[in-house]
Amino acid sequence: MSDPRKKTASARSSASASGTGLDRFASDDSPLASGLVDDMKRLEKVSSTRFKKPTHTRIISVANQKGGVGKTTTAVNLAVALASGGLQVLVIDDDPQSNASTALGLTHIEERPSLYEVFRGEHSLVSILQQVEQVPNLYVAPSSLKLSLIDMELADAPDRQVRLRNAIQEALLTLDGINRHIDYVLIDCPPSMSLLPINALVAANEVLIPVQCEYYALEGLTQLLRTIESARTTANPDLTVSTILLTMYAKSTNLSSEVAANVREFFPTQTLDTEIPRSVRIAESPSYGETVITYAPRSSGAIAYLAAAQELAERAE
């Protein structure tokens, strides 16, 4: 696996030299050239900025009950982007498929303690954390296939909905005690109505919803909003839908523009200005055990996630 720090350095070097590189395209009105100019300007901006540090730990559940919307991709790329911007970040893989864990380079997941043992009370959250080798400021609480058993095993437990919240709060106190204050906790939720996403919503302060720019983009959002409202009224009154991120955006299609306009009409203040493009690099990076930011740092997808992370950080209190 290549060293992403070299890639990132290369990207920053490219950005700093963009004044001469972009001159070749200044008079070219083609969509490709225009897109390249926009990407390089955006990369130069995010590469030269350290992200705003929040006044308190932001715990964000990345959720959508509709599958295939780029939820895990969004969670891990925002995490890497925030950590690359100088912040301390923790990803909690709350999905039995373990895609967030593998995308961040963790291997042999089933052989090590995971979030499953945390839910069962056999391990503390701090004890299972793994530092991401490629990104020193980023930690992962890995998942495993056994996590799919939690619904059945905790069905009668009176504290079944708050176990993740309790584990996170204990972990944050422990890490603060050793001067490792966490700025962001990103919880990657499964696309389901099970106990796992309920725990994530009860544990979080905010919800970030990725919405793909395709037909039926708002499908499932009504039910998700009901679930969020249920978590708010029963166990977490401070929970808010703070962020909507448009994913799989294709500039060349009217459909993407129409869907984006529709989402922004429903969520005018929550929707980020940045859209994540449909990208081959984004799609293929998990097969290398990487995020698109470490795999292809100068690609339009990587630059978009960096810009989205910067925008998210600017909204911090």
Over segment 271-295, the set of residues part of a loop (DSSP other than H, G, I, E, B) and surrounded by fewer than 19 Cβ atoms within 10 Å (Cβ to Cβ) is GLY289
Being over 15 Å from the mean Cα position of the chain (by Cα), among the hydrophobic types (A, V, I, L, M, F, W, C), open to solvent by 10 Å² or more (accessible area, probe 1.4 Å) and modelled with pLDDT of 90 or more narrows it down to one of ILE228, ILE198, so name that one.
ILE198
Among the residues of segment 228-251, write down those that are in a helix (DSSP H, G or I) and closer than 16 Å to ILE60 by Cβ.
ILE228, ALA231, ARG232
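Let's see how each residue does on (1) farther than 24 Å from ASN205 by Cβ; (2) under 22 Å from the mean Cα position of the chain (by Cα); (3) open to solvent by 10 Å² or more (accessible area, probe 1.4 Å); (4) not acidic (Asp, Glu):
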residue	(1), (2), (3), (4)
GLN134	yes, yes, yes, yes
ALA141	no, yes, no, yes
GLU153	yes, no, yes, no
ARG165	no, yes, yes, yes
ARG180	no, yes, yes, yes
ILE187	no, yes, no, yes
If I filter segment 177-189 for residues that are part of a helix (DSSP H, G or I) and in contact (Cβ under 8 Å) with a residue 12 or more places away in the chain, do I get at least one hit?
no
Somewhere in segment 200-209, is a residue among the acidic types (Asp, Glu) and within 21 Å of VAL76 (Cβ to Cβ)?
yes
(1) modelled with pLDDT of 95 or more; (2) crowded, with 23+ Cβ neighbours inside 10 Å all hold for VAL211 apart from (1)
I need the full set of residues from segment 176-200 which are of a type outside the set (Val, Ile, Thr) and closer than 20 Å to LEU149 by Cβ, in order please.
ASP188, CYS189, PRO190, PRO191, SER192, MET193, SER194, LEU195, LEU196, PRO197, ASN199, ALA200
When segment 53-108 is checked residue by residue, the ones that are closer than 17 Å to LEU306 by Cα, open to solvent by 10 Å² or more (accessible area, probe 1.4 Å) and of a type in the set (S, T, N, Q) are THR72, THR73, SER84, GLN88
Taking GLU265 as the residue in question, decide whether it is among the acidic types (Asp, Glu) and either in contact (Cβ under 8 Å) with a residue 12 or more places away in the chain or under 30 Å from SER144 (Cα atoms) (or both).
no
Just the residues that are within 12 Å of THR274 (Cβ to Cβ), of a type outside the set (Phe, Trp, Tyr) and buried (at least 24 other Cβ atoms within 10 Å of the Cβ), please, taken from segment 296-317.
GLY301, ILE303, ALA304, LEU306, ALA308, ALA309, LEU312
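The values are calculated or read from the model by the stated rules, or taken from the named source; none is laboratory data. Please read all numbers here as calculations on a predicted model, not as lab measurements. Backbone-built Cβ (ideal geometry, glycine too); neighbour counts: all protein chains shown. The accessibility values were calculated without ligands, DNA or RNA, using every heavy atom of the protein model including side chains. Shrake-Rupley method; radii C 1.70, N 1.55, O 1.52, S 1.80 Å.
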